[in-house]
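Novice: Below you will find the structure I want to go over with you.
Read the figures in this text as sums done on the coordinates, not as results from a lab. Remember, predicted model here, so these are calculated numbers, not experimental data. In this analysis, Cβ positions are derived from the backbone assuming ideal geometry, glycine residues included, and neighbour counts consider all displayed protein chains.
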Amino acid sequence: MTAPPSSRLQDQVVIVTGAGSGIGRATALAFAHAGAHVLAVGRRAEALHQTAAQHPGIAVLPADITGDGTPQVVIDAAADRWGHLDVLVNNAGATAAMPLADTDAQRVTDLFALNVTAPTLLAQAALPHLRAGRGAIVNVSSTYGHRPLPGAAHYAASKAALEQLTRSWALELAADGIRVNALAPGPTESEALTAAGLPDAVVEQIKQDETARIPLSRRGTPEEVAAWIVHLADPAATWITGQVLTIDGGLELT
């Protein structure tokens with residue numbers, strides 16, 4: 001009989017970035033409920049503490065992962081606290097509505113710093129620990145990492161880069177027993193659109209338009225996405241690597 005996820009993940013050490021809300025918060029909670037020790041990382045201390053208040057297995061580290069040296073600080077914080085590191089979930093990211101005509105060099109730089117460079121440096125810093133425990137990396141992409149997104153092409157491009165990193169790292173690290181996969185959620189209930197600076201009316205219209213295009217006729221929930229992140233990180237998923245799993249209610253089929 002296959003062991004339940006709660007027993008397989010017992011005492012695993014997991015880092016979840018962007019854990020102050022949305023998919024990140026749901027993921028931190030899902031791992032904690034499965035018995036893991038979770039380091040919740042994010043820029044907003046208050047939001048992280050709200051996440052941690054929901055389960056005693058979650059510790060917090062307020063940090064800007066794009067800061068110089070911060071990726072190593074994050075990895076060391078988990079390893080020093082629990083003695084090892086088993087899973088890195090690169091969830092932190094940002095979206096940006098930026099038509100080509102309005103492209104701003106600094107916004108492009110900042111977007112890629114958070115969505116591509118920071119996950120890379122976190123994975124690099126985590127390597128010695130993941131090698132020691134034959135651990136896993138789960139990158140959070142987007143359905144728009146492999147389909148066009150007019151008006152936000154640079155966001156889509158950053159997620160496409162993350163998906164290619166996932167495939168390349170999977171091959172590069174397979175000999176070390178490290179599995180690398182990605183999850184590509186479709187439109188999910190979160191604060192991402194508001195955080196991108198869009199007015200409430202625009203956010204609501206985008207949500208309505210997205211819902212109308214999704215075959216299952218609804219946006220996803222953070223908990224639905226988190227469940228699959230846990231599945232990909234589960235030690236029992238021994239033969240899955242280099243995959244990008246899309247969870248979007250069928251949107252990519254349209």
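Novice: Tally Lys and Arg at +1 and Asp and Glu at -1 over the other residues with C-beta under 12 Å from the C-beta of THR238: what net charge comes out?
Specialist: Residues near THR238 contribute +2 overall.
Novice: How high is the relative contact order of the stretch 1-112? Use alpha-carbon pairs under 8 Å, at least six apart in sequence, and give a whole percent.
Specialist: 27
Novice: List, in order, the whole-Hz ³J(HN,Hα) value for each residue of the stretch 225-242 obtained from phi through the Karplus relation with A = 6.51, B = -1.76, C = 1.60 and θ = phi - 60°; use x for Gly and Pro.
Specialist: Along the stretch 225-242, the couplings run 5, 4, 4, 6, 4, 4, 4, 5, 8, 4, x, 6, 7, 6, 10, 10, 8, x Hz.
Novice: Sort out for me the Cα centre separation of the stretch 76-98 from the stretch 203-241, rounded to whole Å.
Specialist: Distance between centres, Cα-based: 19 Å.
Novice: Also, quick follow-up: DSSP loop trypsin sites (Lys or Arg not before Pro) in the stretch 53-161 with at most 14 other Cβ atoms within 10 Å of their Cβ, which ones?
Specialist: Those that pass, being in a loop and sparsely packed, are ARG134.
Novice: Another one. Can you tell me the relative contact order of the stretch 76-173? Whole percent, Cα pairs under 8 Å, sequence separation 6 or more.
Specialist: So the answer I get is 37 percent.
Novice: Turning to a different aspect of this structure: Rounded to the nearest Å, what's the spacing between the alpha carbon centres of the stretch 11-61 and the stretch 135-179? Just the number, please.
Specialist: Centre-to-centre distance over Cα atoms comes out at 22 Å.
Novice: Could you list which residues have their amide H under 5 Å from that of GLY57, counting only those 5 or more apart in sequence or on another chain, with H placed in the peptide plane?
Specialist: Result for GLY57 returns nothing.
Novice: Once both axes come from the Cα atoms, what is the angle between helix 22-33 and the longest principal axis of the chain, in degrees from 0 to 90, rounded to 10?
Specialist: Tilt relative to the chain: about 20 degrees.
Novice: Note the angle between two axes, namely the Cα long axis of helix 200-213 and the longest principal axis of the Cα atoms of the chain, as a number of degrees from 0 to 90, rounded to the nearest 10.
Specialist: Once rounded, one gets 80 degrees.
Novice: Let me ask something else about it. What distance in nm separates the simple spin-label points at ALA236 and ALA174, each placed 7 Å from Cα in the Cβ direction?
Specialist: 2.4
Novice: Would you pull out the residues with amide H under 5 Å of ASP248's amide H, same chain only if 5 or more places away, H placed 1.01 Å from N?
Specialist: GLY186
Novice: May I ask for the net charge around ALA174, where only other residues with Cβ less than 14 Å from the Cβ of ALA174 are counted and Lys, Arg are +1 while Asp, Glu are -1?
Specialist: Spelling it out: positives minus negatives among the neighbours equals +2.
Novice: Using R₀ = 35 Å, calculate the FRET efficiency as 1/(1 + (r/R₀)^6) where r is the Cβ-Cβ separation of GLN243 and ARG218; round to 0.05.
Specialist: Calculated transfer efficiency: 0.90.
Novice: Follow-up question, since we're still on this one. Percent relative contact order of the chain, based on C-alpha pairs within less than 8 angstrom and at least six residues apart?
Specialist: Here the relative contact order equals 20 percent.
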